[in-house]
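Data first, discussion second: the structure below is written as structure tokens.
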Amino acid sequence: MLQVKPVPPERLPALLRRMPKAELHMHIEGSLEPELMFAFAERNGMSVPYADVAALRRAYVFNNLQEFLDIYHAGTLVLRVEQDFYDMAWAYLQRAAADQVLHTEIFFDTQTHTGHGLSAEVVINGLHRACVDAKEQLGISAALILCFLRHLSEAEAFEALEQALPYRDKLVGVGLASSEMGHPPEKFAKVFARARALGFRLVAHAGEEGPPAYIWSALDVLKVERIDHGVQALRDPALVARLVHDHIPLTVCPLSNLKLKVFPTLVQHNLGRMLEAGLVATVNSDDPAYFGGYINENFTQTFAALGLNAQQAYQLAHNSFAASFIDASTKQAFQHRLAEVFETFE
Ligand code: HPA
Ligand code: ZN
């Protein structure tokens, strides 16, 4: 690991913004900004049940994951045609590129939208077309991960997987999202086994609000390669030892944790303790339109609150590439660009 030159605290935000990084945990439906939501509603001949953008933003106050999911789900109602998915993803990809994200792995689900009468084809083709154009026009690489909704049944997850199979080459993996408590990973053992047999990369949300036991079963039953969130792991030293030993990455989302009251303040966030424990932690935005910031905002606010330093910034960015599903040579090339920025930063 590169030994990084010390950077004075007042220069750290500039370094955090400039450093190349990968984003591995963001839900594209959670990047739908209120302005775009009103625009889609209008062109689709629908209405948003809020007077204006400011009134909608004022509603973004949550006490837990479920309160967020209810509002988030209501927001997806304005997504009706392929162009909506394209425009939503394009808006996110532009912001990510501006934040020096070289590679992003985007979560989406089809179950929300098929529940509104859309086809999986419309969703996947719109998102994928934006990823292709972003590579060409913005130079950012993007991959798609299909999330199953864990508050629904395993049979419904199987149905979503089947519907996505004609578009298999447009997807890199599958994940597990939505209401965690009461919906343990093992509920989806069979569908994850099937996805694994089909060659999908596997991730799952675990240990956001749920107990360490959910992280154990995501690893041992679902056989996931990364844990999304995973902040509850520190409650279980044996689990931490396992995660460190197996280099299992954790995609941490600090502003999400703050807004969903997983931690009462950012100062109390355990990201620094995760790094000290040797965990492969990364920083991500989760649902940036709802949680008050894209990836660079997550980095700068968390570093300020926790007093983290340039070495830890390098570690987190290095981890983000190591934990990604890109091929080994591209990974090395991105990590080389990262080292260069740190070596030349004044
Ligand atoms: N947790 C679970 N499901 C989600 C989230 C999250 O943070 N964001 C969007 N779906
Ligand atoms: Zn998430």
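The values are calculated or read from the model by the stated rules, or taken from the named source; none is laboratory data. Please read these numbers as outputs of a predicted model, since none were measured by experiment. Every residue, glycine as well, gets a Cβ built from its backbone with ideal geometry; the counts of neighbours run over all protein chains shown. Heads up: the accessible areas ignore ligands, DNA and RNA and are worked out on the full protein's heavy atoms, side chains in. Shrake-Rupley method; radii C 1.70, N 1.55, O 1.52, S 1.80 Å.
Annotations
- Residue in the range 29-46 that is among the aromatic types (Phe, Trp, Tyr) and more than 16 Å from ligand 1 (Cβ to nearest atom) present: yes
- Counted residues, the range 257-310 - those being closer than 20 Å to residue 98 by Cβ and among the polar types (S, T, N, Q): 8
- Within the range 242-255, the residues that satisfy the criterion of being within 14 Å of ligand 1 (Cβ to nearest atom), not in a helix (DSSP H, G or I) and not aliphatic (A, V, I, L, M) are 251, 253.
- Scope the range 93-131; condition over 14 Å from residue 163 (Cβ atoms), within 16 Å of ligand 2 (Cβ to nearest atom) and in a helix (DSSP H, G or I); matching residues: 96
- Condition met for residue 189 (more than 29 Å from residue 97 (Cα to Cα), touching a residue at least 24 places away in the same chain (Cβ under 8 Å) and not acidic (Asp, Glu)): yes
- Identity of the residue in the range 202-224, part of a loop (DSSP other than H, G, I, E, B) and buried (at least 19 other Cβ atoms within 10 Å of the Cβ), that ends up nearest to ligand 1 (Cβ to nearest atom): 208
- Per-region count, the range 256-291, residues in a loop (DSSP other than H, G, I, E, B), open to solvent by 30 Å² or more (accessible area, probe 1.4 Å) and away from ligand 2 (no atom under 16 Å from the Cβ): 4
- Test: residue in the range 178-201 that is over 19 Å from residue 302 (Cβ atoms), in a strand (DSSP E or B) and out of contact with any Ser or Thr (no Cβ under 9 Å at 6 or more places or on another chain): yes
- Applying the criterion of being part of a loop (DSSP other than H, G, I, E, B) and in contact with a strand residue (DSSP E or B) (Cβ under 7 Å, 6 or more places away or on another chain) to the residues of the range 299-327, the residue that is farthest from residue 343 (Cα to Cα) is 325.
- Of everything listed in (1) surrounded by 22 or more Cβ atoms within 10 Å (Cβ to Cβ); (2) hydrophobic (A, V, I, L, M, F, W, C); (3) farther than 16 Å from residue 252 by Cα, the single unmet condition for residue 333 is (1).
- Scan of the range 48-86 for residues that are without any contact (Cβ under 8 Å) to a residue 24 or more places away in the chain and either among the basic types (Lys, Arg) or open to solvent by less than 60 Å² (accessible area, probe 1.4 Å) (or both), ordered by number: 53, 54, 55, 56, 57, 58, 59
- Here residue 43 does not fit the description of being open to solvent by 50 Å² or more (accessible area, probe 1.4 Å), in contact with a Ser or Thr (Cβ under 9 Å, 6 or more places away or on another chain) and either more than 16 Å from ligand 2 (Cβ to nearest atom) or without any contact (Cβ under 8 Å) to a residue 12 or more places away in the chain (or both).
- Index of the failed condition, residue 74 passing every other in (1) within 16 Å of ligand 1 (Cβ to nearest atom); (2) in contact with a strand residue (DSSP E or B) (Cβ under 9 Å, 6 or more places away or on another chain); (3) among the hydrophobic types (A, V, I, L, M, F, W, C): (2)
- Figure legend. Inter-residue proximity from the range 1-25: first residues farther than 23 Å from residue 92 by Cβ, second residues open to solvent by 40 Å² or more (accessible area, probe 1.4 Å), beta-carbon distance below 6 Å, spacing 6+ or different chains. Indicated pairs: 4/311.
- Of all residues in the range 238-255, those that are open to solvent by 50 Å² or more (accessible area, probe 1.4 Å) and either under 23 Å from residue 101 (Cβ atoms) or among the charged types (D, E, K, R) (or both) total 3.
- Within the range 135-147, residues that are in contact (Cβ under 8 Å) with a residue 12 or more places away in the chain and of a type in the set (Ser, Thr, Tyr) reach partners that are within 16 Å of ligand 1 (Cβ to nearest atom) and not in a helix (DSSP H, G or I) with beta carbons closer than 8 Å, at six or more positions or on different chains, in the pairs 141/104.
- Among residues of the range 283-294 that are within 14 Å of residue 25 (Cβ to Cβ) and small (Gly, Ala, Ser), those with a Cβ under 6 angstrom from a residue that is more than 11 Å from ligand 2 (Cβ to nearest atom) and open to solvent by 10 Å² or more (accessible area, probe 1.4 Å), sequence gap 6+ or separate chain, pair up as 285/294.
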